């Protein structure tokens with residue numbers, strides 16, 4: 001089992017800071033944002049990682065090196081241009097053998113240890129697994145919204161104006177090795193990107209996608225508001241107290 005951290009993108013919602021650096025190198029409380037997905041994978045026992053980013057790749061190498069300080073072994077892959085999350089994931093393929101992967105978006109922060117979810121996926125014979133979280137219907141509009149029927153996920157709609165569910169897809173995906181061939185078969189969406197939702201719906205269409213619902217808190221840190229929220233949650237999780 002290998003880990004992939006996706007840390008590309010233009011970070012337009014975080015400008016002007018992202019005019020000079022990648023958003024995943026910004027701080028969340030007292031650490032760089034990129035530390036959190038790496039440490040999440042390490043805590044879950046996934047220590048061989050590929051980090052995919054864009055033109056700021058040398059900044060990440062300066063900060064993280066070979067990953068030893070965080071207890072992992074890091075390889076680096078570069079995505080040219082803005083072609084979507086699925087395309088970014090594809091850039092990791094040359095660094096991997098025929099093995100399943102756990103993918104985390106670089107701005108996602110999890111309170112829970114993800115090891116039980118990853119272990120349950122490894123015990124399956126292929127397919128994919130998604131982690132879901134209940135949010136307010138207003139907040140659901142920012143994410144991929146999952147429709148669920150009992151223990152079966154039936155579909156995902158990306159950023160719907162009128163969500164049918166309060167269950168959103170968080171930025172952690174688990175796939176068997178077929179995911180890369182699946183991505184190669186995709187067509188770009190209307191916005192010219194290869195969409196991770198299309199990957200997930202492909203697994204769903206063949207009945208090969210399972211899911212779990214997170215119990216602890218989760219947040220992304222991809223907007224000024226959610227980055228502030230993430231910093232507060234991380235601080236509280238570390239036992240920091242705030243005084244007026």
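The values are calculated or read from the model by the stated rules, or taken from the named source; none is laboratory data. It should be emphasised that the depicted structure is a prediction, and the values quoted were computed from it without experimental measurement. Virtual Cβ from ideal backbone geometry, glycine too; neighbours counted across all protein chains shown.
Things worth noting here:
- Among the residues of the range 125-147, the one identified as in contact with a strand residue (DSSP E or B) (Cβ under 7 Å, 6 or more places away or on another chain) and exposed (fewer than 15 other Cβ atoms within 10 Å of the Cβ) is 134.
- If you filter the range 179-189 down to residues that are modelled with pLDDT of 90 or more and out of contact with any helix residue (DSSP H, G or I) (no Cβ under 8 Å at 6 or more places or on another chain), you find that the one that is nearest to residue 100 (Cα to Cα) is 181.
- Filter result (under 22 Å from residue 180 (Cα atoms) and part of a loop (DSSP other than H, G, I, E, B)) within the range 101-113: 106
- Look at the range 216-238: where a residue is in contact (Cβ under 8 Å) with a residue 12 or more places away in the chain, no partner that is loosely packed, with under 14 Cβ neighbours inside 10 Å and in a loop (DSSP other than H, G, I, E, B) sits 6+ places away or on another chain with Cβ atoms under 7 Å.
- The range 124-137, residues that are without any contact (Cβ under 8 Å) to a residue 40 or more places away in the chain and more than 20 Å from residue 197 (Cα to Cα): 125, 136
- Near pairs, Cβ below 6 angstrom, 6+ apart or cross-chain, from the range 103-123 (more than 28 Å from residue 22 (Cα to Cα)) to any residue that is buried (at least 23 other Cβ atoms within 10 Å of the Cβ): 118/102; 121/129; 121/174
Residues are listed down the side, and each one gets a yes or a no for (1) modelled with pLDDT under 90; (2) in a loop (DSSP other than H, G, I, E, B); (3) crowded, with 20+ Cβ neighbours inside 10 Å; (4) touching a strand residue (DSSP E or B) at 6+ places or on another chain (Cβ under 7 Å):
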site: 157; (1), (2), (3), (4): no, no, no, yes
site: 165; (1), (2), (3), (4): yes, yes, no, yes
site: 171; (1), (2), (3), (4): no, no, yes, yes
site: 174; (1), (2), (3), (4): no, no, yes, yes
site: 177; (1), (2), (3), (4): no, yes, no, no
site: 191; (1), (2), (3), (4): yes, yes, no, no
site: 194; (1), (2), (3), (4): yes, yes, yes, no
site: 198; (1), (2), (3), (4): no, no, yes, no
site: 207; (1), (2), (3), (4): no, yes, no, no
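- Members of the range 169-196 that are over 19 Å from residue 84 (Cα atoms) and under 17 Å from the mean Cα position of the chain (by Cα): 176
- Residue 235 fulfils the conditions (1) at pLDDT 90 or above; (2) surrounded by 14 or more Cβ atoms within 10 Å (Cβ to Cβ); (3) under 20 Å from the mean Cα position of the chain (by Cα) except for a single criterion, (3).
- Top-ranked residue in the range 4-46 [being touching a strand residue (DSSP E or B) at 6+ places or on another chain (Cβ under 6 Å) and part of a loop (DSSP other than H, G, I, E, B); ranked as farthest from residue 224 (Cα to Cα)]: 46
- Residue within the range 217-239 that is touching a helix residue (DSSP H, G or I) at 6+ places or on another chain (Cβ under 9 Å), over 24 Å from residue 141 (Cβ atoms) and in a loop (DSSP other than H, G, I, E, B) present: no
- Filtered by the rule that a residue be touching a residue at least 24 places away in the same chain (Cβ under 8 Å), touching a strand residue (DSSP E or B) at 6+ places or on another chain (Cβ under 8 Å) and in a helix (DSSP H, G or I), the range 47-100 gives 60, 63, 64, 85, 88, 89, 95.
- Residue in the range 31-41 that is crowded, with 16+ Cβ neighbours inside 10 Å, more than 20 Å from residue 102 (Cα to Cα) and in contact (Cβ under 8 Å) with a residue 40 or more places away in the chain present: no
- Checklist (1) without any contact (Cβ under 8 Å) to a residue 40 or more places away in the chain; (2) in contact with a helix residue (DSSP H, G or I) (Cβ under 6 Å, 6 or more places away or on another chain); (3) crowded, with 19+ Cβ neighbours inside 10 Å applied to residue 8, failing item: (1)
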